[in-house]
Structures are given as structure tokens and as C-alpha cells.
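Data block below; observations after.
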2 protein chains.
Amino acid sequence: MTKRVSIFPLGGMDEIGKNMYVIEYENEMVVIDCGRKFADEEHPGVDSLIPDIRYLMENKEKVKGIFITHGHEDHIGALPYVLPRLNVPVYGAPLTIGLVRSTLQEFRLLRGAQLKEVNERSYFRFDCLSVSFFRTTHSIPDSLGIVVHTPEGAVVHTGDFKFDLTPVGPTLDFSDIVKVGKRGVLALLSDSTNSERTGSTPSEETVGTSIEKLFRKTRGRIFFSTFASNVYRLQQVVETAHLYGRKLAILGFSMEKAFRISESLGHLKIPENLIIDAKDLPKYKAEKVVVLCTGSQGEPRAALSRIATGAHPTIQVQPGDTVILSSSPIPGNTRRIYKTINRLFRAGAEVIHGSQVDIHASGHGSQHDQQMMLRLIRPRYFIPIHGEYRMLVTHAKLAEQTGVKPENIFILDNGETVHLTRRKGIKKGRVPTDLTVVDKNGIEENFSVVLQDRKRLSENGLVMVVLAVNRKTLEVKAGPDIITRGFVYVRESEELIQAMKREVQQLLNELRQNNGKEPMQWKAEIIWHLNRFLSKKIQRHPLIFPVISYL
Amino acid sequence: MTKRVSIFPLGGMDEIGKNMYVIEYENEMVVIDCGRKFADEEHPGVDSLIPDIRYLMENKEKVKGIFITHGHEDHIGALPYVLPRLNVPVYGAPLTIGLVRSTLQEFRLLRGAQLKEVNERSYFRFDCLSVSFFRTTHSIPDSLGIVVHTPEGAVVHTGDFKFDLTPVGPTLDFSDIVKVGKRGVLALLSDSTNSERTGSTPSEETVGTSIEKLFRKTRGRIFFSTFASNVYRLQQVVETAHLYGRKLAILGFSMEKAFRISESLGHLKIPENLIIDAKDLPKYKAEKVVVLCTGSQGEPRAALSRIATGAHPTIQVQPGDTVILSSSPIPGNTRRIYKTINRLFRAGAEVIHGSQVDIHASGHGSQHDQQMMLRLIRPRYFIPIHGEYRMLVTHAKLAEQTGVKPENIFILDNGETVHLTRRKGIKKGRVPTDLTVVDKNGIEENFSVVLQDRKRLSENGLVMVVLAVNRKTLEVKAGPDIITRGFVYVRESEELIQAMKREVQQLLNELRQNNGKEPMQWKAEIIWHLNRFLSKKIQRHPLIFPVISYL
């Protein structure tokens, strides 16, 4: 078999979240990112989803390391679940590693972890593969693009990026990116999040101007909620609070953590005596404080949501307060964000949200940024990553416009593999990727089965048929009793339940008389009959569950 | 007690959907609208919610009629469920009544229904109350505002409206609205949907321009999806198809119905030989057809969704097709709309959606329209209706800006009642409003109980403990067996299930030895012990369900 570069995503395709991309060559694999995805209403009772790493575990010795582009949860969040099963070195810029270290500490997994700090001048050589980096601008400091050098040419992974020409943090050095492009790039994997947006994404600086305007005209307390990881946004709030003589209280676990780590690394510069303890808030006049808090996505356990529902132990929102939500809703969160906003309105607060005011700028480049990256990198093959299917397709079209040949563009699903050489690229084969969920208790694979039952239970409820049968005589010693949950309101459905009972009784009589059926088949018969009965009578399909005790 | 006007909503407050507002004076009640709300993920397995009309049923003889502002589902959709229990006259403009008639026919409820057509010159006098109408512009023809004349002054209900100055249908006569305002208005109830949008809502005409542009440049087949009730949008598609020599196929039950009824009433003008049967589509070249279909909100059973999933019997989307979604997502539908869009992209279609192109204009007025209405009507009291809480509050502020006194503005919840006289307005008392759901089988009240169980089942699954016990000796004759659904993946949790079994067995031994507990208390004991056990061991809280057969 000819030597070739294989690339496959284990997460991040046709979804936003749980990013993981693998570049394989001969006996070496480089893994890029290791993210977590927050579960939505499609996965009731589930916290997060992570990439299915079974293929990596089966090829443990090949995996050279996990290279992290930046410190967002959808790029680092699966590490606490992955590292115990695949303990390989983790490479990332200082802030990224700082956040990873802190998370691993919370999970008591720090001991034994191999964390390696890198920067845009780092270079790692393995057998055939080597890895280097270039700096990008995104909504978190220390964001990197990653270059995997292979004998067939470089594979470039952009990470998440936009071209912010007036960033709050360090400026971008285009010559670094041009240098990458000049060396001859085999394939580009690029961030597709905003491929449906025309033009270029506004600079973080524009948000600063809006924050300044809002702070200038607001009289009462200000609650400011944003992603804790958006350190530039935090820096702008810090500066504006200082400018208007307001003290700053920090609320929420991840917000406190972001402040601690970013300040220690010099990404966040905080004037002396600005920060106060949240419990000291009542000592200050309303117009002299800002509360910076988590919860801009309506996360039920975050500070803002608990304040909105009145569940926060010390802080309440009251008339005169202004709440600023500096974020845009991640699809799927819209409804719960509006719920939070409605509650804040009920409490009498003024709420600033949405697009009336430019109070948020995305960290992801729009069409202009994406085409700029394509022009700078000039890849032979293009693989749009990090986006729902529609975003990937739209990004593919943008690539075509910049001159990438249509047959050299590959839209992959999670697990799908593309094999590349300088001369040929083909999509072939797939690596297994099943639904993998995590919660406080660890990992659960094959979760689709559990979810199917949950879905049916939640949509149709449950009907149990309980009876006790003598194993030998097949005499029914107790029941049949019918018990329902989540099916119909019981008090009003007594009649229906009696009818179901009669139905089962009649069936049991027949079964005993015919005597042809094994008792073990009774369950199937009961399910089949009741299903038909309920479908006919009320067009519903609850989970029917015969429980037979054999005596 | 002084005579006063009482106003209470039975639906439509802090929500979009199931509108119903009641104006009561002495022994008379006028009901405005009778809408249905589509259930979301908060109500798994439920089709729709409707207003709780128990109060109206208890006061049947007082209800003079249901007056409908316009023919949208959230204003007429509950009639098939309400009329069988409250058979009062239904008043509405011709298209509204046409749609109501058609729906009642589907439900076989037409016989006995008292449907009364009205127009802007109609006038109905009851004892103390009388009702008149004024024409408005909205996204469906024949939209009316309703005036309920009371001895204390007029109560004006706007219905849904925007001020469309270049409408596709008949133009607005401002003098009619001014006349209403001049007579002295006690209270205004006004549409709050777009109170968070600045400026005025664009005219339907702007959408026509975009449709024309898209049709001009598109070469392949066009699938055009919009709300079936937006007859003006349909008219513009009809005209543009005709202009570009494309035939028009109509797909989807409600789309066909809208065409039939609107054409017969003269709201839709269709050139001869334009419409073709969907099954004849293959006879025409791709660039010579438009398919107008339902499903712009990603509704799973609508035409577009079935086409996208490949579940439509005759029509598939293929490369070269362009799909236009001419609508904006109703919050809560976002995710499933994007699912449909992703699927269409997978099938190779070009999809036009969202705000890149002005392919949709809201039917609801923005801040400028809302303040215009306030200036024209000049009410003493103001009640923002038809909106989530945040929209109601924002609308209230807009009213204040136009000079309504803050103490004369009432933000109500469903069921909350405000009592008004010329001199005084107070909020006092409430009418019962519980969750009322409907499906093919009719109405179910008190559905909250069922939903609570469904939610717990869907988030944590179910653990059943099955045993058979001798009623007298309390000897366990079979079990305990542990059965789970939607809990953990069974193959991997054998150990956990064995541990639960041991836990229950030990408990049963204790219970039998102590002998102090009644067998009926065993269930509670099992639930309590297993709950504690699972909470400690894996921090989960499934619905625990002991099933004991007594022999």
C-alpha cells in the first residue's frame, strides 16, 4: 500500500462541540483537540457528549500526543475523560495548559498527566511527522493554528479564528501564516462556524465601545454576563468599570477561575482595589458596582440563572438594576436564555441583550476571514471542519471560489476518513464513532439504546401490566394490574385502565386455554395486543411493559 | 359593588400562542380569539396546548360570543376543542370564518356551529356591551381590530398588526382607527410580539422584491416554503412564477387548503394554467417549476421535512434544486429547522434561509408601529398582550413614552384580572388556568402531573423492583428482580443491578424480621432505600417503582 496521510474527525462534524481531529501517517497519529459538547434536549438527563476514542485506544502506541488549539471547553473539555484511558502528552499554549491543569486538578487527575507548554516557535519532531504552530486571534488568548508536517506536505489546522485587526490582545503576525502557506500545504482544515455570514467578523474592539456607552449612561447596579473564557471581554469590563469608578464583584466558579489563571499569566491586567468580594456588595452604592457573572447561555446552575430564579443565597436582582448579556445564544439554548431574561424582567431589571446593541462580537471569522485564510495557506486539499453540515457546505463553496478544485474538497462526517497523497485524495472507510456520554460517574458508551427508551418514555409514557403466574399450572395468582406513568392523567382515565385490564384478562384466558404458548411468550403477546388496542382506541404508543412473577 | 369592566387573558401572556382574552361587564362576556399553541420540548409527546376555559363554561350564559381577529392558528386553533363544550356564536371576517369552517369540517363539528361573518362596518349590540371592528394589516388577509363598547368606554383589541403602507392586499384606512380613538378609549390591548425591535417593520412588498431577484437568477427547480396562511406571500410567489414562466405545484395539506379558500374568496388571484399537479412535476424541465410547500418551521410531518428526510413518496430534493425558506424561526423551532436545512444540504440542494436575503418580513409591528397605534387610539389604560414577559415589559415602556400613566399600565399573567372604571384601575383576583393539552383524542386537563413524570423518566429513566409476596406470611415468593429502562446501558451495568438486588434483599429481610411494617409500607421503604443507594453510588435519581404482587 502506498504511503499516505489519513485524516479523520472523531467529533466536530455536523455539530458545534466535542472537536477532535486525527492526522495519521504510517505508525504515527497526531490528535488535535479533545472537546466536550453540552447535551441538549435530544439527550435528556445527559450532561455532555465526548468523542468516541475507541480507535485511538486500540492504537495507543501510535498516538504521539494531543495538540490543543485553545482553551475553550469544546476543545479541551473531554481531556478529564480521555486521559485516564489514553495517557499521552498534551501540548498547548500557556493559557490553554493553565486551564487544562486546573480542570485536571478538579478531577484529581493532575498527577501523571504530561502537560507541555508550547508557543508559535515550538517544534516537535516524531518519526515521520513533526508539529509546529502559528498564532491566531480568537475570543480567548493563546489561540494557535497547528501545522502537522508529513512527507506528503503540511496539514494545517486553523483552530478557531477570526482576523481581528484591532485586537484587545497581541496583534497577529501575517508573515507567520504566509510562511506556512509558502512551504506547500497538502491540506487545510478550517473553522466553518460563521461561513453563512457575509463580510468579516467585527473586531473585539467594537464591543468595548458599546460597553463604554452602556456604562456611561447606566445609573444603578450593572450585572454583566459573558463567557468566562472570553478574557478580552473581561479585560474590557475591568477597564470600563475602573474608568467609571465602579468596583467589580466576580460571581460564578468558572468566572473566578478565568480571572485567577488569566491574571497570573498576564493576559488580564487588573487595577488595584478594583475587585471586591461579592458579600461586600451591600456596602457600596448601586452606581458604584459591577457584578461580572457566568450564565449568559441560561445555564441552569450558573450565577445569573440562580440570581434570576431567586435561588442565589445572597444576591437578588431588583428594580433599578441593569443586566447585560454579552453573548449570542448557541442554538438550542435560545429558549432557556429567554426564560432567564423573562425572569429578570419580572424582577424589575432592565435587560440588555440581543442585537439592538453591539454588545457581542463572535470569535469566529465570517466569509471574508475564511477566504483570507484560504488565500494565505493555499492548500491542495480542503476539509471544512467545526460546523453543522450547512456551514461545512457553504465553507466548501467559499473554498472553491478561492481556487481549490471541487474534487479536492472533502466534507466528512465524524469517523469518515480521507486518504491524501500529493497526487490523489480519496474518501474511504470509517472509524467507529458511537454516542458517548459523560457525567459525574464517568463515561458511558453505547448510550443510544438508553436514549431511545428515554425518548419513548418522555413522549408516550409507560404502561405496566403486572401479574403473578404459577409456573406449572399457568394459573394467574395475582393481577393483571395496570400501572401507568406519564401516560394519561390517572383520575380521568379510570375507564381506559379498566378496558385495558379486560383486554389483558381476555388475552390471558385465551393463552391458557390454547396452552400452545410458552409462558415466556406471554410478554410479547401482551405487548402486541395492548399496543394494537391503544393505537386503535387513542392513537398512542406508550412503552408497554409486562411484569410477570413466576411462582 | 360598583359596575366595572373586567379584563382577563386565558392565554397569550408570557407566551406566543393560544390567545384568548375576555372582557366582562355585569352579566356579559365578550371573548376575543381562541388559539392553539404548538407544544415544545417542555411538553414531550404533546401536540398542542389550549386555553383553560373552565371559567367560561361555568358562566356559559354570560358569554355572548367568540370574536376572532384573524385566521392564524394561535387565534382560531382551539375552536374545535372549545366549541363542543361552549357552543357560542363565532364572529370573524370572511377568510377567518372560511378557515374556521374548514377546520370544523375536518373535526366533523360544522353542524350546529354558529359562524357569523363580519366586516369593518358590522356592529353587534348586546345588553350593555356592543362590538365593532376596524381593518388592520397583518400577514393574513381579513385581519381585524375589535372594539368592545362598554358603559365605561371602549376596550380596543388590536389583534396582530403592523402598519404596512404598501401592502400586497387592501390598503389601511387610518381614518377608521382615528375614529375609534376619538370616541374615548378606556383600554387598549395591543400586540407585543416585536416590541424589542426598533423602527417599523418592513412592508410585505420588500419580500416581493427579494423573491423576484431570486427567481431571476435561479436555474434549477425552486422549492419555496412559507406559512400557508401568509396569503400575500403566496400571491407574490404566484405572480413571480408566472412572470418567469414557471409552473406551480402546491404541496402540503394546509397549503392546498389555503389556496382553495383564499382563491374562492378573491384574496388570491391565480393565472390560468399556472398550477400543476405535483405528480406531473417530472414532465417539466427543472427551470420551469416551482414547488410551494409547507414546513418552513421544520414541522416533522410537513411536506418540506418529509422531502428533506427522503420520506416523501414522490418528491426528492437533488443537486441543482434551490430551497427557499421564507420565514423566521419561531423560538423553540430553531434546532429542528436547522436539522431540515442540514438534510437539504446533504441532498445537494442550495438553501436560502435566514437574514442574508430579505426573504421574510414579520407580520407584527415593531416599536414605531406600536407607538403609532398608541397615538392613534389614545387609551386611558394600556394592557400589552401577545408576547413573552420581556416583550410585554418593553411594550409597556413604549406606552409610557407616548404618555400613558405608569399606574394605568397593567402587565397581566394568564388568568390575572384587571378591573377598570373611568376613574380607577386595579389588578385583583384570578381566574383558574391550568395546563390544558389536546391531541387526536380530545382535551386533557391537569396535564402537569403527567408531564412531571415524563420529565423525570426522560432525564433519569426508570428502575423497577418486582417481587411477589405471600400476603399472610410475608414470604417473598419471587424476586426481587430489577428491571431498568432509560437508566444505564444494561450490558455495562450488570454489577450495579446486582448491587441493587442485594440492597433490596437485605432490606426485605430486615422488614420481615422486624415485622413492624405493614406490607403496604414496603413500597415506600424500597423507594427510600434505593434512592439513597443510587444517589450515593452514582448520583442519579431515576423514578423508582416497586411492583409487588400479593398472593
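The values are calculated or read from the model by the stated rules, or taken from the named source; none is laboratory data. The shown structure was predicted, so the numbers you read here are calculated from the model rather than taken from an experiment. Cβ sites come from the backbone with ideal geometry, for glycine too, and all protein chains shown count toward neighbours. Just the protein is used for accessible areas: all its heavy atoms, side chains included, with ligands, DNA and RNA removed. Shrake-Rupley method; radii C 1.70, N 1.55, O 1.52, S 1.80 Å.
Some observations on this one:
- Cα gyration tensor category, rounded, prolate or oblate, for the stretch A:204-352 with a/c compared to 1.5: rounded
- Our helix-only sum for the protein assembly as shown, with -39,500 (n - 2.57) per DSSP H run of n ≥ 4 divided by its residues, gives a mean residue ellipticity at 222 nm of -9500 deg cm²/dmol.
- Label-reachable residues, the stretch B:141-173, where backbone N falls under 16 Å from a point 7 Å from B:THR206's Cα toward its Cβ: B:162-168
- Evaluating 6.51 cos²θ - 1.76 cosθ + 1.60 at θ = phi - 60° for every residue in the stretch A:407-423, the Karplus couplings come out as 6, 9, 10, 10, 9, 10, 9, 3, x, 5, 10, 10, 10, 10, 10, 4, 9 Hz, glycine and proline recorded as x.
- Considering only beta bridges that DSSP places wholly inside the stretch A:461-550, some 45 percent are antiparallel.
- Each part reduced to its alpha carbon centroid, the stretch A:201-253 and the stretch B:275-345 end up 44 Å apart.
- Inter-copy label distances for B:PHE174: 5.2 nm (label point placed 7 Å from Cα along Cα→Cβ; shortest first).
- Looking down the axis that turns chain A into chain B, the chain A residue with its beta carbon nearest that axis, and the gap rounded to whole angstrom, comes out as A:SER458, 1.
- Multiplying the residue separation of A:GLN114 and A:ASP280 by 0.36 nm and removing their Cα-Cα distance gives an extension gain of 55.7 nm.
- What the stretch B:134-173 shows is 23 Å² of accessible area per residue, with the surface traced by a 1.4 Å probe over protein heavy atoms.
- Placing +1 on the Cβ of every Lys and Arg and -1 on the Cβ of every Asp and Glu, with no other charges, gives the stretch B:204-352 a dipole of roughly 520 debye about its Cα centre.
- Antiparallel bridges, percent of DSSP beta bridges restricted to the stretch A:27-153 (to nearest 5): 55 percent
- Summed buried accessible area for B+A [probe radius 1.4 Å, Å², rounded to 100]: 6000 Å²
- For A:PHE126, solvent-accessible area (1.4 Å; no DNA, RNA or ligand), Å²: 50 Å²
- Taking θ as phi - 60° and the Karplus parameters 6.51, -1.76 and 1.60, the scalar couplings of the stretch A:113-126 work out to 6, 9, 9, 10, 7, 10, 9, 5, 9, 5, 8, 10, 10, 10 Hz in sequence order, x denoting glycine and proline.
- The distance from the alpha carbon centre of the stretch A:418-437 to that of the stretch A:28-67 is 16 Å, rounded to a whole number.
- Note on surface exposure: B:ARG456, A:ARG85, A:ARG454 rank B:ARG456, A:ARG85, A:ARG454 by accessible area, highest first, 1.4 Å probe.
- Cα gyration tensor category, rounded, prolate or oblate, for the protein assembly as shown with a/c compared to 1.5: rounded
- Links that overshoot a 24 Å alpha carbon limit, given the list A:LYS60/A:LYS179; A:LYS213/A:LYS288; A:LYS217/A:LYS285; A:LYS405/B:LYS285; B:LYS501/B:LYS523; A:LYS455/A:LYS537: A:LYS60/A:LYS179; A:LYS405/B:LYS285
- Global geometry of chain A, whether rounded, prolate or oblate, following the gyration tensor of its Cα atoms and the 1.5 cut on a/c: oblate
- With its label point put 7 Å out from Cα toward Cβ, A:GLN505 sits 3.7 nm from the same residue's point in the other copies, in order from shortest.
- Peptides A:305-313, B:280-288 ranked from most to least packed, by the mean per-residue count of other Cβ atoms within 10 Å: A:305-313, B:280-288.
- Inter-chain neighbour count for B:456-465: the average number of beta-carbon atoms from partner chains within 10 Å of each residue's beta-carbon is 6.
- DSSP beta bridges in chain B [antiparallel fraction, %, rounded to 5]: 50 percent
- By accessible area with a 1.4 Å probe, ligands and nucleic acids excluded, highest first: order of B:HIS529, B:HIS157: B:HIS529, B:HIS157
- With DNA, RNA and ligands ignored, accessible area of A:LYS477 (1.4 Å probe; Å², nearest 10): 100 Å²
- Options B:SER327, B:LEU265, B:ILE341, ranked by Cα towards positive dipole end of the stretch B:204-352, top entry (Cβ charges): B:ILE341
- For B:CYS128, solvent-accessible area (1.4 Å; no DNA, RNA or ligand), Å²: 60 Å²
- The stretch B:229-368, accessible surface, carbon-and-sulfur percent (1.4 angstrom probe): 50 percent
- A protection proxy built from the mean count of other Cβ atoms within 10 Å ranks the segments A:211-224, B:207-220, A:63-76, most packed first, as A:63-76, A:211-224, B:207-220.
- Stretching the chain fully between A:SER175 and A:GLU58 yields a gain of 38.1 nm (0.36 nm per residue, less the alpha carbon separation).
- Dipole magnitude of chain B about its Cα centre (Cβ charges: Lys, Arg +1; Asp, Glu -1), debye to nearest 20: 340 debye
- The H on the amide N of A:THR484, modeled in the peptide plane, is under 5 Å from the matching H of A:MET464, each at least 5 residues off or on a different chain.
- Computed on protein heavy atoms with a 1.4 Å probe, the accessible areas place B:ASP127, A:ASP358 in the order B:ASP127, A:ASP358, largest first.
- Given charges at Cβ of Lys, Arg, Asp, Glu: chain A dipole, positive-most of A:PHE67, A:PRO84, A:HIS529: A:HIS529
- Carbon-plus-sulfur accessible fraction, the stretch B:461-550 (probe radius 1.4 Å, protein heavy atoms only): 45%.
- Protection-proxy order for peptides B:110-122, A:257-269, each taking the mean of Cβ atoms within 10 Å per residue, highest first: A:257-269, B:110-122
- Per-residue 3J(HN,Hα) values for the stretch A:320-325, derived from phi via the Karplus relation 6.51 cos²θ - 1.76 cosθ + 1.60 with θ = phi - 60°, read x, 6, 10, 10, 10, 9 Hz in sequence order (x marks Gly and Pro).
- Note on A:529-540: average number of Cβ atoms from other chains within 10 Å of each residue's Cβ is 1.
- Distances in nm from A:LYS116 to the matching label points in the other copies, shortest first (labels 7 Å along Cα to Cβ): 8.4
- For peptide A:472-480, the mean count of partner chain Cβ atoms within 10 Å of a residue's Cβ comes to 2.
- Overall, the stretch A:461-550 carries a charge dipole of about 120 debye about its Cα centre when +1 sits on the Cβ of Lys and Arg and -1 on the Cβ of Asp and Glu, all other atoms neutral.
- Computing FRET efficiency as 1/(1 + (r/R0)^6) for A:LYS405 and A:ALA311, where r is the C-beta to C-beta distance and R0 is 41 Å, gives about 0.15.
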